[in-house]
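Inspection log for the structure reproduced underneath, given as structure tokens.
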Amino acid sequence: MSLQSTDPIADLLTRIRNAAMVGKTEVRVPTSKLKKVVAEALKANNYLTDVKEEAGKPRGTLVITINKPGENSVITELTRLSKPGRRVYVKADEIPKVKSGRGLVL
């Protein structure tokens with residue numbers, strides 16, 4: 001039995017970050033619509049190779065394949081800026097650049 005996370009996006013990012021740092025090619029997380037959208041956005045920007053959804057009861061699983069895990073990982077840092085306890089609101093033209101424009105802000 002797994003514990004329910006109060007911040008599912010932070011949980012997703014932590015699982016992906018940890019898997020990439022230890023060289024795992026695949027990570028499995030409990031699925032949700034929001035997690036799937038975030039994972040698909042990371043896939044569209046070539047941080048992930050594949051995102052698949054496996055059916056299951058009571059809830060399915062997202063199987064996420066990481067692009068180049070380990071020392072040559074495309075993912076070097078994953079950070080959540082706006083958190084449930086501290087929301088960050090900015091206008092579209094004020095979204096900060098990440099890693100001199102080489103990063104991604106979702």
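Key figures for this structure:
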read-out	value
Fraction in percent of alpha-carbon pairs per bin - 5 Å, the stretch 35-92	4, 15, 18, 19, 18, 15, 10, 2, 0
Dipole magnitude (debye, nearest 20) for the stretch 8-76, charges at Cβ of Lys, Arg, Asp, Glu	200 debye
Projected label distance in nm at VAL105 and LYS57, using a 7 Å step from Cα toward the beta-carbon	4.6 nm
Extended-chain gain in nm, criterion 0.36 nm per residue less alpha-carbon gap, ASP7 and VAL90	27.8 nm
The chain: most fluctuating residue of GLY56, GLY23, GLY85 per GNM, C-alpha cutoff 10 Å	GLY85
Reciprocal mean inverse distance between Cα atoms of the chain - Kirkwood radius, Å	14.8 Å
Selection from ILE66, ASN46, ASN18, by position along the positive dipole direction of the chain (Cβ)	ASN18
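Values quoted throughout were computed directly from the atomic coordinates according to the rules given, and no laboratory measurement underlies them. Because the structure is a prediction, the values reported are computed rather than measured. Cβ coordinates were reconstructed from backbone atoms using ideal geometry, including for glycine residues, and neighbour counts include every protein chain displayed.
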